[in-house]
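First comes the structure, then the notes that go with it.
The values are calculated or read from the model by the stated rules, or taken from the named source; none is laboratory data. Since this is a predicted model, take the numbers as computed values, not measurements. So basically every Cβ, Gly included, is an ideal-geometry build from the backbone, and we count neighbours across all protein chains shown. To get the accessible areas, we keep the full protein, side chains included, count just its heavy atoms, and leave off ligands, DNA and RNA. Shrake-Rupley method; radii C 1.70, N 1.55, O 1.52, S 1.80 Å.
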Amino acid sequence: MRIYLLLLLMVVGSATALEPLLDEMSREGADPFIRSLLWPGLGQIDQGRLAEGAGFAGGAVLLTVALFQFQMDYHGAALDYRNAGDAYADAIENGDSDTAWENYQRLSSLHGDADRNLERRNHVRTALLLWWSANLVDVWWHERGAPDRLHLRAHLRPDRNGLALSVDF
């Protein structure tokens, strides 16, 4: 729980620290793309799309918290694995086969935990990268007026028993 409070304070503190920078960028007419590069959702908010901006910012916060949590879980499992390895080596050195066997079984279990946490962390990292990228594409798309210029049309395709989409621009 303390980790989440610390992370929340860091996010609020970083937003407060970014405020003068964002004010300066506003005076200079900075592109919303640059704002979204700093943090997802800022460009959408600058474009007047508050709901989309809040969605991108909230999603980024959730993914960042999850990434931090899985990173901490991975390091905890890796530390437990290292400690069990040391206990196993000590038991072998002292000739205590029962303790060595227990630590060997614990090592097998902890190795799987560390691997799962590493895999989860990597999945969340990829999701955060994709989320950030989608945010940048969305800002760029709306900055260039693309929603007004592009139109999707659905066409029934009886010869193919399906539906086709075409883009008119």
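For region 135-169, taking the residues that are open to solvent by 100 Å² or more (accessible area, probe 1.4 Å) and assigned to a helix (DSSP H, G or I), the one that is modelled with the lowest pLDDT is identified as ARG149. Taking ARG116 as the residue in question, decide whether it is at pLDDT 85 or above, within 21 Å of the chain's Cα centre (by Cα), farther than 16 Å from LEU63 by Cα and surrounded by 13 or more Cβ atoms within 10 Å (Cβ to Cβ). Yes, satisfied.
Can you spot a residue in region 46-62 that is charged (D, E, K, R), at pLDDT 85 or above and not in a helix (DSSP H, G or I)?
Initial filter on region 46-62 (charged (D, E, K, R)): 46, 49, 52.
With at pLDDT 85 or above added as a condition, the list becomes 46, 49, 52.
Pick out the ones that are also not in a helix (DSSP H, G or I) and you get 49.
The answer is yes, given that some residue of region 46-62 is charged (D, E, K, R), at pLDDT 85 or above and not in a helix (DSSP H, G or I).
Here TRP132 does not fit the description of being among the hydrophobic types (A, V, I, L, M, F, W, C), touching a Pro at 6+ places or on another chain (Cβ under 9 Å), open to solvent by 50 Å² or more (accessible area, probe 1.4 Å) and at pLDDT below 90.
Of the set (1) charged (D, E, K, R); (2) within 22 Å of HIS142 (Cβ to Cβ); (3) buried (at least 16 other Cβ atoms within 10 Å of the Cβ), all apply to ASP31 but (3).
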